[in-house]
Amino acid sequence: MYGKGLLKGLGVTFVRFFNTYWDDLVWSWKRVTTGEKRYRSAEGIAHRSSKDARGIFTVQYPEEKLPVPEEFRYVPFLVYDEGADGSKEIRCTSCGICPKVCPPQCIWIVRSADPATGRPRPQPAEFYIDADLCMNCGFCAEYCPFDAIKMDHDYELASYHRNLFGLEQLMKPASYYAGIRPLNAAREDEARRAKEAAKAAKSEAHAA
Amino acid sequence: MTAPASTLTVDLAARFPGIVSADSRPGHGGFLVAPEKLIEVATAIRDEFGYDLLSSVTGVDQIADGKMEVVYHAYKTTGGPALVFKTQAPRENPIVPSLVGVWMGAELQEREAWDLLGIKFENHPDLRRILMWEGFEGHPLRKDWHEPFFEEEAKPFKSRWPGGKHFFSEAKNPFHDNIQFPAGFDPEKYTFEDPEEALYTSLKKYQIADTDGIPTDHILVNMGPQHPSTHGVFRAAVMLDGETVVSLKPVMGYLHRNHEKIGERNTFLQNMPYTDRLDYFNSMSNNFGYALAVEKLMGIPVAERADYIRVIMAELSRIQNHLIWAGMMLNDLGAMYTPALYAFEERELILDIFEMTAGSRMMCNYFRFGGVARDMSEDALRRTRDLVFDRLPAKVDEIDRLLTDNEVLVSRLKGMGYLSAEDAIRASMTGPMLRASGVPYDIRRADPYSVYDRFDFDVVSRPEGDMYARYIVRIEEMRQSLRILEQALKQIPEGPIMSGKPQYQVKVQAGEAYGRIESPKGELGYYVVSNGKPNPYRYHVRAPSFINLTALEMMCVGEKIADFVAILGAIDIVLGELDR
């Protein structure tokens, strides 16, 4: 019969149409019984991005935001450890691996020197990331041997000016890092502690 | 390793003594052919040895030897490794006979080699610039050509470290723009002939006879560059007789950024995120091909678990690509956005997995030489299993139910845009386009890479050669991808995800390698030449979207202008890859 295929296809759209309202009804019942909401709630967003999602699929940004997974990467930042007296101990040693590995070459580092002796110091004097050039590839974080540069989760960078970030904007505390990437931070802390312990054991053995 | 011994199973040098010699440079393979006998040798390769599919044509600027080299990769559509042959011409005035008469698929690629390297192909039917604009000064892929913001031959730039003082590149250019003029050039006094004249003249195929005393003429229509059906900035200059297409030429390059020149400035690893930006729907597949090419050059194995993850990622890409293709194809046919948005739902769920694993939805940058960047978490694997076993099969069936029997769709697609198997092979078509013309050629089966030889799947092909066949092939391919995914998810072993240590500066010995994969759009190949330095000496992308356009005119002539939109849509082009 001519038109059968059309009707079959329309059947699919009808089922979709029906599901939209049915799912809303199911969730409004849920709201009464368990208090779970389909819209503007974490469980609702999780439902809409799960394998059982049906009906309305969209997320109303910016009122609703999809949670980003831990591995999500955006423009990098520099991690500093908070010293006991509130001082910022930057982990970066200006070793130069990140500007060397950066594909669009958006990282600039000026090394610092001790004013008294003129010898180079590990901390960077200036550190720039041209966030407009950055392609968010994550190589800098991946290959940094000091866990000093990490990829951020903050993707809302729209601005009226060019996003050239200096040390001021780039430095973020280690606690912030542990907040956005708990699993990674824990793993790296563990590895660093193990390394330090091994080093201490070695020097002790050496001394003895 | 770098010179696969299997390419020498054909002894071309014995067949043509004195004309052909084996390429004996370290790490290189294949044969060197004298340019004056190239056509004869190429015809023999096609007819006597059976290498009917010319996959890739590209040039290499051998500046140290004062030579321009043209490299050809030919394959058999029945499967097997490549036959590589090369020809060299003096660098000052490189003239090489065109192979368009032997393999039509060389047409666009030879134009590209002329445009970017300045190699003249004698007797090419239409040797104009293709990616750069007419009137562009120089040939950018030549080693002595420098871009306006030129800093150094190779990254990393010293201004970043140990230099370190930030500057904006455009501040260094007197025009404050990405522009440079040839010496002595005054833009105020520049006069030019219409650069499009050659294009428009080439479209005039015949004169309409003036029979009834009513003067009639053909109409030239420029579809694009801004046209909703062209999936980006792509233009087709179409000559029409009434509504019927008489002749057609694709015009491209609006999104050109010279990916290959950037690639030669980059280190090997730095290229990986750039490949994401080729076919931005399938960054996983793009990574895959490039990783294969460089791994061949480096001669390193891939960790087994990583191989499985790679296959999982590539097949997920294929499914979402074909879903989106079905949606966008229907957009082109006028079914605005209902199928496209149904497809987008599934794509979003697949991209969620990419984001969890690779860190980004589209610009995945996930593959490394010898493995992948990070392991697939248990959560990501669970989500993949959920999708593959529980959701996607039903959703592919749903798209199938929604569209396949739809009478409007069938009448628009059936019998339209016909391409015979012979023409498809001649024009170097690959991927679903070739398989829809009745040639069951799938690199996953014909020349298996990674762990594809461990999976049980069918190569989908249809004999009809029309757009409906292309549609069916893609729908069926999604089902086959799901089959592969089910097996891969069951078999995936535990273990490391890198064969060596992760390193940002890989050691690549001198040589050449061609890595190719069956990307969702066709054969995606990377031709990489190394001279032992940290940067590739030559880096070429054989883009399926680009080469599949060779047959566009063939498919459109005689059809109505309205069907051009559908025919173009059925090829499945992505401009990021087409213009590179």
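Failed condition for A:P99, given (1) in a loop (DSSP other than H, G, I, E, B); (2) in contact with a Phe, Trp or Tyr (Cβ under 7 Å, 6 or more places away or on another chain), with all others met?
Condition (1) is where A:P99 drops out.
Out of everything in the stretch A:36-54 that is assigned to a loop (DSSP other than H, G, I, E, B) and more than 11 Å from chain B (Cβ to nearest Cβ), what residue ends up being surrounded by the most Cβ atoms within 10 Å (Cβ to Cβ)?
Result: A:R38.
Filter the stretch B:195-243 for residues that are assigned to a loop (DSSP other than H, G, I, E, B) and at positive phi; which is surrounded by the most Cβ atoms within 10 Å (Cβ to Cβ)?
That would be B:G224.
Limited to the stretch B:143-159, what total is found for residues that are more than 20 Å from B:R257 (Cα to Cα) and more than 9 Å from chain A (Cβ to nearest Cβ)?
Count: 1.
Which one of these is closer than 29 Å to A:N163 by Cβ and not in a loop (DSSP other than H, G, I, E, B): B:P156, B:P162?
Only one candidate passes the filter, namely B:P162.
Taking the stretch B:325-346, which residues are facing another protein chain (nearest Cβ under 7 Å) and within 30 Å of B:A306 (Cβ to Cβ)?
Matches in the stretch B:325-346: B:E345 only.
Suppose we filter B:R310, B:R305 for residues that are farther than 30 Å from B:E196 by Cα, in contact with a helix residue (DSSP H, G or I) (Cβ under 7 Å, 6 or more places away or on another chain) and either part of a helix (DSSP H, G or I) or within 14 Å of another protein chain (Cβ to nearest Cβ) (or both); which single one remains?
The match here is B:R310.
Suppose we filter B:F268, B:F185, B:F192 for residues that are within 14 Å of another protein chain (Cβ to nearest Cβ), under 24 Å from B:L117 (Cα atoms) and in a loop (DSSP other than H, G, I, E, B); which single one remains?
Of the residues listed, the single one that is within 14 Å of another protein chain (Cβ to nearest Cβ), under 24 Å from B:L117 (Cα atoms) and in a loop (DSSP other than H, G, I, E, B) is B:F268.
Condition check: of a type in the set (D, E, K, R), over 30 Å from A:D130 (Cβ atoms) and assigned by TED's automatic domain parsing to the domain that holds A:L25. Does A:E43 satisfy that?
yes
Among what's in the stretch B:480-537 and is under 12 Å from B:F268 (Cα atoms) and of a type in the set (A, V, I, L, M, F, W, C), pick the residue that is surrounded by the most Cβ atoms within 10 Å (Cβ to Cβ).
B:V508
Of the residues A:D132, A:D147, which single one is assigned to a loop (DSSP other than H, G, I, E, B), in contact with a helix residue (DSSP H, G or I) (Cβ under 7 Å, 6 or more places away or on another chain) and either under 22 Å from B:Q505 (Cα atoms) or in the same structural domain as A:A185 (by TED's automatic domain parsing) (or both)?
Exactly one residue qualifies, and that residue is A:D147.
For B:T78, all conditions in the list (1) closer than 20 Å to B:E112 by Cβ; (2) not in a strand (DSSP E or B) hold save one; what is the number of the exception?
(1)
Filter the stretch B:271-298 down to residues that are in a loop (DSSP other than H, G, I, E, B) and within 12 Å of chain A (Cβ to nearest Cβ), then give me how many there are.
Count: 1.
Suppose we filter the stretch B:390-421 for residues that are at the interface with chain A (Cβ under 10 Å from one of its Cβ atoms) and among the polar types (S, T, N, Q); how many remain?
Number satisfying all stated conditions: 2.
A quick yes/no check of all residues on (1) at pLDDT below 90; (2) closer than 30 Å to A:A113 by Cβ:
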| site | (1), (2) |
| --- | --- |
| A:Y2 | yes, no |
| A:G11 | no, no |
| A:F18 | no, no |
| A:T33 | no, no |
| A:K37 | yes, no |
| A:F77 | no, yes |
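Could you count how many residues in the stretch A:62-107 are of a type in the set (A, V, I, L, M), at the interface with another protein chain (Cβ under 7 Å from one of its Cβ atoms) and touching a residue at least 40 places away in the same chain (Cβ under 8 Å)?
2
Among the residues that make up the stretch A:10-21, is at least one of them over 30 Å from B:L409 (Cβ atoms) and either out of contact with any Gly (no Cβ under 6 Å at 6 or more places or on another chain) or surrounded by 11 or more Cβ atoms within 10 Å (Cβ to Cβ) (or both)?
Within the stretch A:10-21, none of the residues are over 30 Å from B:L409 (Cβ atoms) and either out of contact with any Gly (no Cβ under 6 Å at 6 or more places or on another chain) or surrounded by 11 or more Cβ atoms within 10 Å (Cβ to Cβ) (or both).
Considering every residue within the stretch B:414-421, establish whether at least one is at pLDDT below 90, buried (at least 22 other Cβ atoms within 10 Å of the Cβ) and in contact with a helix residue (DSSP H, G or I) (Cβ under 7 Å, 6 or more places away or on another chain).
yes
Any residue in the stretch A:4-19 that is among the charged types (D, E, K, R) sitting within a Cβ distance under 6 Å of a residue that is assigned to a helix (DSSP H, G or I)? List the pairs, counting only those 6 or more apart or interchain.
A:K8/B:R401
List every residue pair whose Cβ atoms sit under 9 Å apart, with the two residues 6 or more apart in sequence or on different chains, where the first one lies in the stretch B:160-171 and is more than 7 Å from every other protein chain (Cβ to nearest Cβ) and the second, anywhere, is in a loop (DSSP other than H, G, I, E, B) and of a type in the set (D, E).
B:S169/B:E151; B:E170/B:D177
Can you tell me which residue in the stretch A:150-176 is farthest from the other protein chains (Cβ to nearest Cβ), limited to those that are among the acidic types (D, E) and not in a loop (DSSP other than H, G, I, E, B)?
A:E168
Got a number for residues in the stretch A:170-208 being among the polar types (S, T, N, Q) and closer than 21 Å to A:G83 by Cβ?
1
Can you tell me how many residues in the stretch A:134-149 are more than 9 Å from chain B (Cβ to nearest Cβ) and either surrounded by fewer than 21 Cβ atoms within 10 Å (Cβ to Cβ) or touching a strand residue (DSSP E or B) at 6+ places or on another chain (Cβ under 7 Å) (or both)?
So the count comes out to 8.
I need a count of the residues in the stretch A:55-86 that are over 14 Å from B:D352 (Cβ atoms) and either surrounded by 15 or more Cβ atoms within 10 Å (Cβ to Cβ) or of a type in the set (A, V, I, L, M) (or both).
Here the count works out to 12.
Of the residues in the stretch B:347-389, how many are surrounded by 18 or more Cβ atoms within 10 Å (Cβ to Cβ), of a type in the set (D, E, K, R) and more than 10 Å from every other protein chain (Cβ to nearest Cβ)?
2
Filter the stretch B:368-405 down to the residues that are of a type in the set (A, V, I, L, M, F, W, C) and out of contact with any helix residue (DSSP H, G or I) (no Cβ under 8 Å at 6 or more places or on another chain) and list them by number.
Correct list: B:A394 only.
In the set B:G500, B:G465, which member is under 25 Å from the mean Cα position of the chain (by Cα) and more than 30 Å from B:D386 (Cβ to Cβ)?
So the residue among B:G500, B:G465 that is under 25 Å from the mean Cα position of the chain (by Cα) and more than 30 Å from B:D386 (Cβ to Cβ) is B:G465.
Please go through (1) part of a loop (DSSP other than H, G, I, E, B); (2) in contact with a Lys or Arg (Cβ under 8 Å, 6 or more places away or on another chain); (3) more than 14 Å from every other protein chain (Cβ to nearest Cβ) for B:D115 and return the number of the only condition it doesn't satisfy.
(1)
The values are calculated or read from the model by the stated rules, or taken from the named source; none is laboratory data. Since we're looking at a predicted model, the values are computed, not measured. Virtual Cβ from ideal backbone geometry, glycine too; neighbours counted across all protein chains shown.
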